[in-house]
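The structure under discussion appears below in the form of structure tokens.
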Amino acid sequence: MTVKKNRIFVAGHNGMVGSAIVRQLQQNPHNELVLRSRRELDLTSQAQVSAFFAAEQIDQVYLAAAKVGGIVANNTYPADFIYENLMIQCNIIHSAHQAGVQKLLFLGSSCIYPKLAEQPMTEQALLTGTLEPTNEPYAVAKIAGIKLCESYNRQFGRDYRSVMPTNLYGPNDNFHPQNSHVIPALLRRFHEAKLAGAEEVVAWGSGKPMREFLHVDDMAAASVFVMDLDGEVYQQHTEAMLSHINVGTGVDCTIRELVETVAKVVGYQGRIAFDASKPDGAPRKLMDVSRLAALGWKAGTSLEQGLASTYQWFLANQDSFRA
């Protein structure tokens with residue numbers, strides 16, 4: 001007897017998170033992945049997305065597609081960030097509902113929480129204070145995505161869930177010298193310093209702020225775990241209007257510790273200095289992951305393990321992103 005395969009649409013499958021989810025889902029032979037590149041399907045087009053869902057008979061959706069960027073990009077193009085992310089989310093969630101898709105997982109971001117949220121940040125902190133101004137448009141779009149899922153659940157009985165990851169890193173990260181986040185930027189800088197025989201590498205800030213980092217393969221595993229949870233179990237640990245789940249390690253480190261670990265992984269032997277005249281940002285950003293832990297999942301990759309494997313990926317792929 002032929003077992004019907006589970007047709008799963010991963011929106012944003014070429015990105016760091018989407019590609020990790022694809023790797024995770026491909027381990028199950030009962031999954032049939034439905035993937036579309038940006039050229040094949042414009043997710044900001046309501047007509048294209050609606051036609052896609054009407055034709056493809058999708059069973060599940062992982063909504064990992066988003067317009068993302070650092071502080072400079074968010075400050076320069078705030079209209080692009082709020083418009084494109086709202087359109088992608090609205091089109092996919094509404095078209096999935098219209099096509100009868102019962103299960104969907106929306107991926108958000110820890111930036112949904114107030115700038116001055118108490119640490120560690122619990123799910124209950126949502127909408128309790130002012131957002132960080134530099135990425136407010138992006139954060140508002142992500143909050144809207146959570147509320148879209150909750151609203152379709154409440155009105156139509158759908159099972160649309162949301163997960164909020166902490167800072168992610170890993171294969172397919174952005175290693176651009178100007179536009180990358182802290183881990184790929186540090187890996188690249190120490191790698192280039194090692195090749196050049198540089199005596200010193202200077203890191204921005206005092207090194208004192210604390211940050212949490214999650215390997216993207218752990219994020220993918222957590223996403224599939226949450227999607228596959230029994231509906232009653234999920235509802236027991238969440239609320240109808242506070243249904244999102246934080247995903248992280250629950251452990252943070254100082255930026256100094258991160259910098260020193262990156263240097264160790266890369267094999268850089270020179271001096272490390274900190275330029276305290278450069279901005280530090282928030283003193284601490286840590287996710288409370290007790291809700292996810294109570295459901296039975298925890299991260300399995302240590303920071304040093306994750307950095308080492310990410311550096312190996314960088315070495316194997318650096319020709320593709322030389323600047």
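Could you pull out the longest piece of the chain with no exposed loop trypsin sites (Lys or Arg not before Pro) in it, calling a site exposed if DSSP puts it outside H, G, I, E, B and it has at most 11 other Cβ atoms within 10 Å? Please report the intermediate quantities before stating the final value.
Values: sites that count: Lys4, Arg38, Arg39, Arg322.
No qualifying site falls inside 40-321, the longest such stretch.
Both numbers refer to the Cα atoms of region 123-258; Rg and Dmax are 18.7, 62 Å.
Kirkwood-based Rg over Rh for region 39-160 (C-alpha set), two decimals? Walk me through the numbers on the way to the answer.
Values: Rg = 15.2 Å, Rh = 15.2 Å.
Looking at region 39-160, the ratio lands at 1.00.
Positive-end ranking of Ser277, Val17, Gly145 along the dipole of the chain, with charges on Cβ about the Cα centre, is headed by Val17. Overall size of the chain from C-alpha positions, given as principal axis extents largest first: 62, 43, 39 Å. Close amide H partners of Arg158, meaning residues 5 or more places away or on another chain with modelled amide H under 5 Å apart, are Asn153.
Applied to region 96-107, the Karplus parametrisation 6.51 cos²θ - 1.76 cosθ + 1.60 on θ = phi - 60° returns per-residue 3J(HN,Hα) values of 4, 4, 4, 8, x, 6, 8, 10, 8, 10, 9, 9 Hz, with x for Gly and Pro.
How large is Rg/Rh for region 177-246, to two decimals, with Cα atoms and a Kirkwood Rh? The partial results should precede the final answer.
Numbers: Rg = 19.6 Å, Rh = 16.1 Å.
Rounded to two decimals, Rg/Rh equals 1.22.
Once the Cα atoms of helix 136-156 and of the chain are each reduced to a long axis, what angle between those two axes, in degrees from 0 to 90 to the nearest 10, is obtained? Around 30 degrees separate the two axes. With the charge dipole of region 66-220 set up from +1 on Lys and Arg Cβ and -1 on Asp and Glu Cβ about the Cα centre, the Cα lying farthest toward the positive end among the listed residues His97, His191, Asn85 is that of His97.
Beyond 22 Å in Cα-Cα separation lie the following of the pairs Lys194/Lys264; Lys5/Lys147; Lys103/Lys147; Lys115/Lys298; Lys4/Lys298: Lys5/Lys147; Lys115/Lys298; Lys4/Lys298. If we count every other residue with Cβ under 12 angstrom of Lys264's Cβ, Lys/Arg +1 and Asp/Glu -1, where does the sum land? So the environment of Lys264 carries a net charge of -2.
Taking the C-alpha atoms only, the angle from helix 216-228 to the longest principal axis of the chain is near 20 degrees.
Quote the Stokes-Einstein diffusion coefficient, in whole µm² s⁻¹, for region 1-77, based on the Kirkwood radius over alpha carbon pairs, a temperature of 4 °C and a viscosity of 1.567 mPa s. Don't skip to the end; give the middle numbers.
Numbers: Rh = 13.9 Å.
Calculated translational D: 93 µm²/s.
Kirkwood analysis of the Cα pair distances in region 238-294 returns a hydrodynamic radius of 14.6 Å.
Between 0 and 90 degrees, rounded to the nearest ten: what's the tilt of helix 255-266 against the longest Cα principal axis of the chain? Once rounded, the angle reads 80 degrees. Summarising the amide proton neighbourhood of Arg284: residues at separation of 5 or more, or on other chains, whose placed amide H is nearer than 5 Å comprise Met210.
Over its Cα atoms, what ratio of radius of gyration to 2.2 N^0.38 Å does region 273-313 give? Provide the component values of the computation, followed by the final result.
Working: Rg = 15.7 Å, N = 41, 2.2 N^0.38 = 9.0 Å.
Computed over Cα atoms of region 273-313, the ratio equals 1.75.
For region 115-202, report the translational diffusion coefficient in µm²/s to the nearest whole number, using Stokes-Einstein at 37 °C, 0.692 mPa s, and a Kirkwood Rh over Cα pairs. Don't skip to the answer; put the middle values down first.
Working: Rh = 16.6 Å.
D, rounded to a whole number, is 198 µm²/s.
List the longest stretch of the chain that has no exposed loop site; here a site is one of the GluC sites (Glu not before Pro) assigned by DSSP to anything other than H, G, I, E or B, with at most 16 other Cβ within 10 Å. Value returned for the longest uninterrupted segment is 200-323.
What is the magnitude of the charge dipole of region 125-178 about its Cα centre, with +1 placed on the Cβ of each Lys and Arg, -1 on the Cβ of each Asp and Glu, and no other charges, expressed in debye to the nearest 20? Intermediate results must be reported in sequence, preceding the final value.
Working: 5 positive and 5 negative charges, 55 e Å.
Around 260 debye, computed over region 125-178.
Here the Karplus relation 6.51 cos²θ - 1.76 cosθ + 1.60, evaluated at θ = phi - 60°, turns the backbone of region 40-57 into coupling constants of 7, 8, 7, 5, 7, 9, 4, 5, 5, 5, 4, 5, 4, 5, 5, 8, 9, 6 Hz, with x for every Gly and Pro. Taking the Cα centre of the chain as reference, the dipole from Cβ charges on Lys and Arg (+1) and Asp and Glu (-1) amounts to some 280 debye.
All of the numbers you see were taken from the coordinates with simple rules; none came from a lab. These figures come from a predicted structure and were not determined experimentally. Glycine also receives a Cβ, built like all others from the backbone with ideal geometry; neighbour counts cover every protein chain displayed.
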